[in-house]
Amino acid sequence: MRKLILAISMLAFAGSVALADPILDRQALMKERGKIAGGLSKVVKGENPFDAAAVMTSLQALQANAEKLDIDALFPAGSDTGDTTAAPKIWQDMAGFKATHDKYLADVKAAVAAAPADVDALKAQFNTIGGDCGTCHETYRIKKD
């Protein structure tokens with residue numbers, strides 16, 4: 001009986017995942033990313049004090065967020081219309097879009113590996129990561145009015 005219940009539960013879960021909305025899912029990841037980056041930005045700007053443990057936790061959260069971004073699943077053909085600011089350029093240049101994300105992920109991993117010991121080290125890492133975000137937004141995102 002337990003196996004039957006487990007099998008039914010797994011099928012129900014798999015069905016709900018299959019019905020997930022890629023636009024909403026990617027927007028949720030980006031909102032989470034923005035919130036994490038916003039917290040780090042406050043440290044870089046001196047609005048919040050530098051705390052090495054808190055910074056590392058945030059950088060690790062940023063890495064986990066980046067690793068969750070499955071481009072093939074979250075940017076399938078046909079998900080370029082509706083309530084989205086994803087630019088058509090994503091689907092026209094999927095290889096370039098993936099390369100941009102790969103660079104971002106590599107730079108976030110490098111920041112985690114470097115474990116910034118002070119605000120100046122964090123600034124250097126954060127400027128690189130922020131540059132990656134800017135590159136992607138300029139190329140692959142529609143600006144909101």
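The values are calculated or read from the model by the stated rules, or taken from the named source; none is laboratory data. All values derive from a computational prediction rather than experimental measurement. Every residue, glycine as well, gets a Cβ built from its backbone with ideal geometry; the counts of neighbours run over all protein chains shown.
Looking at Asp70, Asp83 in this structure, which one is among the charged types (D, E, K, R) and in contact (Cβ under 8 Å) with a residue 24 or more places away in the chain?
Asp83
For (1) exposed (fewer than 11 other Cβ atoms within 10 Å of the Cβ); (2) charged (D, E, K, R); (3) modelled with pLDDT of 95 or more, each residue gets a yes or a no:
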{"residue": "Arg2", "(1), (2), (3)": "yes, yes, no"}
{"residue": "Ile5", "(1), (2), (3)": "yes, no, no"}
{"residue": "Ile8", "(1), (2), (3)": "yes, no, no"}
{"residue": "Ile36", "(1), (2), (3)": "no, no, yes"}
{"residue": "Gly39", "(1), (2), (3)": "no, no, yes"}
{"residue": "Leu62", "(1), (2), (3)": "no, no, yes"}
{"residue": "Thr81", "(1), (2), (3)": "yes, no, no"}
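So Ala20 ticks every box in (1) within 27 Å of His137 (Cβ to Cβ); (2) modelled with pLDDT of 95 or more but one. Which box is left unticked?
Against the list (1) within 27 Å of His137 (Cβ to Cβ); (2) modelled with pLDDT of 95 or more, Ala20 comes up short only on (2).
Restricting attention to region 77-89, does a residue exist that is closer than 16 Å to Ile23 by Cβ, acidic (Asp, Glu) and touching a helix residue (DSSP H, G or I) at 6+ places or on another chain (Cβ under 6 Å)?
Scanning region 77-89, I find at least one residue that is closer than 16 Å to Ile23 by Cβ, acidic (Asp, Glu) and touching a helix residue (DSSP H, G or I) at 6+ places or on another chain (Cβ under 6 Å), so the answer is yes.
Just name the residue that is surrounded by the most Cβ atoms within 10 Å (Cβ to Cβ) out of those in region 96-124 that are on the phi < 0 side of the Ramachandran plot and touching a residue at least 60 places away in the same chain (Cβ under 8 Å).
My answer is Leu122.
Hey, any hits in region 132-145 for a residue that's of a type in the set (Gly, Ala, Ser) and touching a helix residue (DSSP H, G or I) at 6+ places or on another chain (Cβ under 8 Å)?
No: zero hits.
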